[in-house]
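The values are calculated or read from the model by the stated rules, or taken from the named source; none is laboratory data. Keep in mind that what you see is a predicted model, and the values were worked out from it rather than measured. Note that each Cβ is placed from the backbone with ideal geometry, even for glycine, and that neighbours are counted across all protein chains shown. Keep in mind that these areas ignore ligands, DNA and RNA; they rest on the heavy atoms of the full protein, side chains included. Shrake-Rupley method; radii C 1.70, N 1.55, O 1.52, S 1.80 Å.
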Amino acid sequence: MDCSIGTREARVRNRQMSNPFIRKLASRAHLDVDDVSALRQALCSVSQVEAGQDLILEGECPDAAYVILDGFACRYKLVPDGGRSIVAYLVPGDGCDLHASILNRAIHSVATLTPCSIATLPYQKIKELAATRPNIYRALWRSILVDEAVLQEWLVGIGRRSADKQVAHIICELLARLRAVGLGFEPNYHLPLTQPELADTAGLSNVHIYRVLADLRKDGLIESGRRYISVPDVKRLENFARFDASYLLLSGPDENPAPVGKLPDMTGQVRR
């Protein structure tokens, strides 16, 4: 093969892999050049959204998912008294509601926590990719499984961890997810989280979360300000929280994945 062709393909692949969503999927399953190109073409209409904006409201029937390219967002649900429960954080590389391509309705709301750069991924395209490209199908499924594993860890945190270890575990998890897409390695990287957001995540009152953060600061495990949290020694915080990142499937794609069999034709299930 002409070496110049191989070099050119490698340059194209490296440029395309700079997209955090594609990089994240590539960490879940091996993607070849055609897979990466198909994903790149499926993402469209990148837009900038200010902080505090709803992208999706529970009960809506969107025809496309949003992909976070830059910034932080969250999935949340409102309880009858008006309180908010954050049920997931979305960082660069995350799809907001990929699974809703099957449900055809949003089962929670999604809002930006910081200014975000967001791409649109039509559900019809998701179905077509899943139905025709085994690698992408496998990567999407593994991403959904990781979302479920994260939710399980949060439930364990609320039910069985002390409040300080629960909050420390959430912080460690976010840093691990960011580093998986090449972010958060700077010394004293600032996680753009506020006290009320952490309270809504951990199911704690504002008074309780204030005390928890104060204790973590006192022990030198974190530093925090009005709109940020930083971790001077990530390993020390991980040891304190007894954090094991294995549930995030960050070790890379399987070297010898099992065949996925005949791919399901789900394209007809998408609302047109």
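Relative contact order of region 66-127, taken over Cα pairs closer than 8 Å and 6 or more residues apart, is 47 percent. Residue 226 sits among other residues whose Cβ lies under 15 Å from its own Cβ, and their net charge, with Lys and Arg +1 and Asp and Glu -1, is 0. Note on the chain: with neighbouring protein chains present and a 1.4 Å probe, carbon and sulfur make up 52 percent of its accessible heavy-atom surface.
Averaged per residue, what accessible area in Å² does region 98-232 show with a 1.4 Å probe, protein chains only?
It amounts to 44 Å² per residue over region 98-232.
Using only DSSP helix segments of four residues or longer, with each worth -39500 (n - 2.57), what per-residue ellipticity at 222 nm results for the chain after dividing by its residue count and rounding to 500? It lands at -14000 deg cm²/dmol. Summing charges over all other residues whose Cβ lies under 14 Å from the Cβ of residue 156, with Lys and Arg as +1 and Asp and Glu as -1, gives 0. Taking a straight line from the alpha carbon of residue 127, these aspartates and glutamates sit under 20 Å away, with near neighbours fewer than eight places off in the same chain left out: 32, 34, 35, 60, 63, 94, 97, 147, 265.
Would you kindly state how much longer the chain becomes between residue 141 and residue 219 on full extension, computed as 0.36 nm times their sequence separation minus their alpha carbon distance, in nm to one decimal? Could you put the intermediate results ahead of the total?
Working: separation 78, 0.36 × 78 = 28.08 nm, distance 3.96 nm.
So the extension gain works out to 24.1 nm.
In this structure, the amide hydrogen of residue 97, modeled 1.01 Å from its nitrogen in the peptide plane, lies closer than 5 angstrom to those of 66, counting only residues at least 5 positions away or on a different chain.
Partners of residue 165 within straight-line reach, counting lysines whose Cα lies under 20 Å from its Cα and excluding those fewer than 8 residues away in the same chain: 218, 235.
Please tell me the relative contact order of the chain in percent, rounded to the nearest whole number, where contacts are Cα pairs under 8 Å and at least six residues apart.
Numbers: 445 pairs, mean separation 60.1, N = 272.
Contact order relative to length: 22 percent.
For region 21-158, the alpha carbon positions stretch 49, 34, 25 Å along the principal axes, listed from largest to smallest. For the peptides 182-192, 18-28, the ranking by packing is 18-28, 182-192, with the highest mean count of neighbouring Cβ atoms within 10 Å listed first. Would you tally the net charge around residue 78, using a Cβ to Cβ cut-off of less than 13 Å, leaving residue 78 out, and scoring K and R as +1, D and E as -1? Summing Lys and Arg as +1 and Asp and Glu as -1 gives -1. Would you please state which residues of region 168-187 a label at residue 194 would reach in this model, taking the label point 7 Å out along Cα→Cβ and a backbone N cut-off of under 13 Å? None, by backbone N distance to the label point.
Multiplying the residue separation of residue 47 and residue 117 by 0.36 nm and removing their Cα-Cα distance gives an extension gain of 24.6 nm.
Per 0.36 nm of contour for each residue apart, how much would the distance between residue 233 and residue 79 grow if the chain were fully extended, relative to their Cα-Cα spacing?
Once the chain is fully extended between residue 233 and residue 79, it gains 51.8 nm.
Globularity index of the chain is 1.05 (Cα radius of gyration / 2.2 N^0.38 Å, N = number of residues).
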